[in-house]
Amino acid sequence: MRLYTAQTPNGRKISIALEELGKGYDVEWVHLDEEEQLEASFLAMNPNHKIPVLEDDGQVIWESGAILLYLGENHDPEGRILPQDPKQRMEAIQYAFFQTGGIGPNLGRPASKHGSTEPTIAPRSPGGSRFPAEAVGMTSRPTSSSPPWPRCRAGSPCG
Ligand SMILES: N[C@@H](CCC(=O)N[C@@H](CS)C(=O)NCC(=O)O)C(=O)O
């Protein structure tokens, strides 16, 4: 198992889950400050250019909530992160959605060093407005391997 990650809350979330499960895994650091997440090899794994990404037995999973669910489904025989009791299981999934859809974005974007004090403005985005551009990129891209990427390296001809 290989975790592509960085020292951020979303990255640590998966490290914590793997440690809780007692799983051995390799770590591949993705240097976000150097924009390694925008390199073609990374985009081939996650077109949304974000850590964490987990590779397990040839399967690549991205989005931290999906990774947690995958680990719960496949590597959690004791139900440590995904309980076996149906009601508790649903509650765990509910909180995973809440975390990734609510807490994560709302706290993460204002704090992101990619942005400024204005949470929707990213200086490195060509148009200046990062998150609307990401939304357009994700919804307009038919497959994960087709450009335009939601965000491009500065000066690169993508888009
Ligand atoms: N919804 C995503 C968010 C992941 C995320 O925001 N990752 C950040 C670091 S914490 C990242 O890789 N940012 C790089 C970029 O957007 O280019 C998840 O839960 O996995």
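Throughout, read-outs are computed from the coordinates displayed, never taken from laboratory work. What you see is a predicted model; the values in this text were computed from it and never measured. Reconstructed Cβ throughout: ideal geometry from the backbone, glycine too, with neighbour counts over all protein chains shown.
Nearest 5 percent is fine: what portion of the DSSP beta bridges confined to the range 2-86 is antiparallel? Restricted to the range 2-86, the bridges split so that about 65 percent are antiparallel. The length gained on full extension between residue 29 and residue 15, counted as 0.36 nm times the residue separation minus their Cα-Cα distance, comes to 3.8 nm.
This ranking places 49, 31, 75 by how few other beta-carbon atoms lie within 10 Å of each, fewest first, which gives 31, 75, 49.
When Lys and Arg each count +1 and Asp and Glu each count -1, what net charge do the other residues less than 9 Å away from residue 3, Cβ to Cβ, add up to? After counting each charged neighbour, the total is -2. With each label modelled as a point 7 angstrom along the Cα→C-beta vector, the residue 78-residue 107 pair spans 2.6 nm. Given R0 = 35 Å, the distance between the Cβ atoms of residue 7 and residue 87 translates into a calculated FRET efficiency of 0.50.
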